[in-house]
1. Karplus couplings for the range 506-511 from phi (6.51 cos²θ - 1.76 cosθ + 1.60, θ = phi - 60°), rounded to Hz, Gly and Pro as x?
2. Ratio of the range 221-465's C-alpha Rg to 2.2 N^0.38 Å, to two decimals?
3. Quick one: order SER479, SER448 by neighbouring beta-carbon count within 10 Å, fewest to most.
4. Taking the Cα centroid of the range 311-380 and of the range 26-94, what is the distance between the two, rounded to the nearest whole Å?
5. Among HIS333, HIS202, which comes first, second and so on when ranked by fewest other beta-carbon atoms within 10 Å?
6. Sort largest first and round to whole Å: the equivalent ellipsoid semi-axes of the range 105-245, each the square root of five times a Cα gyration tensor eigenvalue.
7. Within the range 451-542, list the chymotrypsin sites (Phe, Trp or Tyr not before Pro) lying in a DSSP loop whose Cβ has at most 13 other Cβ atoms in a 10 Å radius.
8. Per q in 0.23 Å⁻¹, report the Debye log10 I(q)/I(0) for the range 406-510, using one uniform scatterer on each alpha carbon and no solvent.
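Here, each number is a calculation from the coordinates, and none is a lab measurement. Not measured: the values here are computed from a predicted model. Using ideal geometry, Cβ is built from the backbone for each residue, glycine included, and neighbour counts are taken over all protein chains shown.
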Amino acid sequence: MKDQQASDPRENAPDHAPKPAKAPTLPRLGVRGTLRFVWRQLTSMNTALVLLLLLAVAAVPGSLLPQRSVNPANTEQFLADNGWWGELLDWAGFFEVFTSPWFSAIYLLLFISLVGCVVPRCVTYARQVVAKPPRTPRRLQRFTGYTSRPLADTAPKDIQRRAARHLKKAGYRVRTLEEGSGTLSVSAERGYLREAGNLVFHLALLGVLLGVGLGYLTSYRGQITVVEGEGFANSLTSYDYFEPGAWFDPDQLPPFRFTLDEFRAEFSTDASNPKAFGLPTKFEADLTVDAPGRETSRQRVRVNEPLEVDGASAFLLGNGYAPIITVRDSEGHVVADGPVRTVANDKNYTGQLVLKMPDASPKQMALVGIFAPTAVIDERGPHSRYAGLVNPKLFVTAHTGDLGLDEGVPTNAYQIDVSTLDQVTDSRGKPLLMTLAPGEKFDLPDGSSIEFRDIKRYAAFDVKHDPWQGFTLVMALVSAAGLMLSLFIPRRRMWVRATPDGEGSEIEVAGLARSEDFALADDVTRLADRLAPTPASADLRE
């Protein structure tokens with residue numbers, strides 16, 4: 001008996017049996033392919049739209065949070081009021097949004113995306129403009145407003161000539177065609193300004209981005225505070241805060257100067273409307289301006305009406321009160337004499353006052369207190385009830401000791417740490433709180449004296465120079481004009497075919513819109529009426 005061995009099923013399979021399919025293998029992109037894929041994704045219109053949306057979202061914190069480049073004092077106050085949360089936002093760059101790395105990255109990616117998207121489209125558009133309209137489709141029945149009519153005693157050549165003449169008058173680019181067997185047609189196209197407007201919009205948007213970027217690199221911005229009767233000279237040492245662009249040379253500051261002659265502020269006194277009471281109704285400053293090559297002039301600056309001089313714009317940024325205080329030390333020497341700017345803490349201009357006197361003898365002295373233009377004292381302590389000068393009072397305390405100004409470390413002129421100082425007390429050893437009205441004087445126990453002489457106003461200005469500002473404005477206007485063209489100019493094609501029919505012809509008219517064009521069907525009908533009038537449209541006969 002022969003041994004029976006198990007056989008492989010594949011040996012008995014017929015030769016024509018299909019072989020098992022192999023798993024497909026995808027080609028590898030490689031470095032070059034990967035770079036091309038990334039470039040195509042970056043330069044797509046969808047990516048550009050997403051980046052534009054991200055840029056708009058990224059700019060929101062710059063409008064909601066104080067920015068160091070605009071108001072450093074408000075930024076520091078926000079940090080002091082919000083603790084670790086403010087420090088976290090500061091670390092993330094939310095107080096310098098428009099110069100932060102993440103905002104700059106979105107900005108540059110959007111610029112690259114628009115360049116890579118718009119340049120190829122411009123090349124394609126240039127080719128389309130010089131190209132002839134496309135040939136007339138074989139089956140016009142598929143298109144908008146298709147109309148077919150017989151026309152007796154008229155040859156196709158006459159119909160083609162009349163159709164071409166009418167379409168040219170209507171602004172179409174026209175192409176006449178011979179299709180054989182005596183059939184003639186006209187292919188016409190118009191609306192290329194729609195695509196041109198779209199390209200102008202994107203190119204102008206690139207111009208806006210370019211103008212903003214170059215403006216940031218070549219501009220400067222600074223804040224100054226000027227008291228009535230005092231002046232400002234456009235030099236680095238005169239600024240409270242100065243931020244130049246990376247390509248700006250501070251030696252190129254234009255040498256103009258101005259004096260704040262008077263600052264006027266008015267506030268609502270309508271007691272019948274509690275929400276409006278005390279709100280400002282007018283801010284304006286009268287300046288005397290001197291600039292090389294120009295006569296001395298007087299100019300009035302209001303909110304959103306800046307001073308324009310030598311390419312720089314001085315915007316009215318803020319204002320406040322500056323009590324004029326004279327302080328004599330115990331030896332009778334005048335250690336402070338002049339206006340002291342206060343920082344308003346509320347809408348009623350309750351102002352914080354800090355006056356440091358390192359030259360006082362025998363100890364350095366500082367005054368810390370509150371100025372209230374309309375003073376009241378209640379459970380909240382001394383504060384102002386109204387922003388106008390109705391009942392101005394000065395509430396101050398005096399402190400002596402080492403002010404820490406001799407260590408060479410910069411300090412904030414509007415802040416002081418009194419925990420290291422000794423507060424001046426009265427004869428009973430209690431802290432001395434002085435209340436002064438304009439014209440009043442207070443003598444301290446050690447022989448020092450404080451005199452509240454008068455009150456002046458001060459104004460804060462934001463000085464900005466941007467040589468690309470005009471270019472950016474023009475690009476923004478051009479962008480808006482291009483957008484209007486792309487939205488309101490329809491792009492369409494029209495076709496007319498004339499086929500011999502006995503002694504006459506049969507005409508076919510149709511159109512195609514490249515976007516929504518609700519008037520196309522009516523225009524096709526009107527063209528057909530001109531070429532082959534019906535009794536109802538006999539008045540359109542040429």
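1. Using θ = phi - 60°, the values come out as 10, 9, 10, 10, 7, x Hz.
2. Cα Rg divided by the expected 2.2 N^0.38 Å: 1.13.
3. SER479, SER448
4. 40
5. Least crowded to most crowded, the residues run HIS333, HIS202.
6. Ellipsoid semi-axes (Å, largest first): 63, 17, 11.
7. PHE518
8. -1.27
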